[in-house]
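See structure below.
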Amino acid sequence: MSIGLIAFSRLVILAGLALWLTIAVINNLTDPGTNRTLLGHTLSMGLVSAEEVLGAGLLWRAWPAHWSHTLLYIIVAVQFMVAGFLWRSVISYAKAFLQQDGQRLLDARGHATLALSLFILLWMFFICGGLWFGYWLKQGPVQMVHMTLILIGIGALIFVQAQPQPEPSPTASTYTADPLSSTSERSPASPGETS
């Protein structure tokens, strides 16, 4: 498989996630009322408190709903940062694609690993925070979105970490090591030896 194909396939997935999260940030900034309401319901446990039995033992965890204003902007800032890391990994893979360079491909994988780990961490925060406030009792579809994003992030991380063997480059015959291997050291090829 060529370095270009390896880079392009990862670039597409990361660009999709980066674009999705960027749109989420824009939506949160242009329509903050929707998410303030959802956060307010979660924090205050208002939907859970309407039940007589379900979640009654969890109500001591409730926070004032007005904290949702501050929390929303903290969430938007974190989402913006994670989107930035995702876009950085997209640019790294674009450089590897355009230059057909194994070292740039390895660097891009490092950037993508960090970005996707932060992406997963963001949604783990949501799902654990939501579980603390019992949102699974009344906001199941919201919980499913968060779980789906975690699974997408894990799938993308596994894909990025996969290490296909690039086709040997005619100009890179002076090295015997795999350009994607982070554990092997590059050594000059012996006279008459080709990679």
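Worth a mention:
- A viscosity of 1.306 mPa s and a temperature of 10 °C, combined with the Kirkwood radius over Cα pairs in Stokes-Einstein, give a translational diffusion coefficient for region 10-62 of 118 µm²/s.
- Positive minus negative residues near VAL90 (Lys, Arg vs Asp, Glu; Cβ under 15 Å): +4
- On the basis of the beta-carbon distance and an R0 of 45 Å, MET144 and GLN99 show a calculated FRET efficiency of 0.65.
- Here the Karplus curve 6.51 cos²θ - 1.76 cosθ + 1.60, taken at θ = phi - 60°, turns the phi angles of region 94-111 into couplings of 5, 5, 5, 5, 5, 9, 6, 10, x, 5, 5, 5, 5, 4, 5, 4, x, 4 Hz, with x standing for Gly and Pro.
- Extension gain for SER49-PHE80 works out to 7.9 nm (0.36 nm per residue, less the C-alpha to C-alpha distance).
Each value in this text was obtained by applying a stated rule to the coordinates, not by laboratory testing. Note that the structure is predicted; figures quoted are calculated from it, not measured. Using ideal geometry, Cβ is built from the backbone for each residue, glycine included, and neighbour counts are taken over all protein chains shown.
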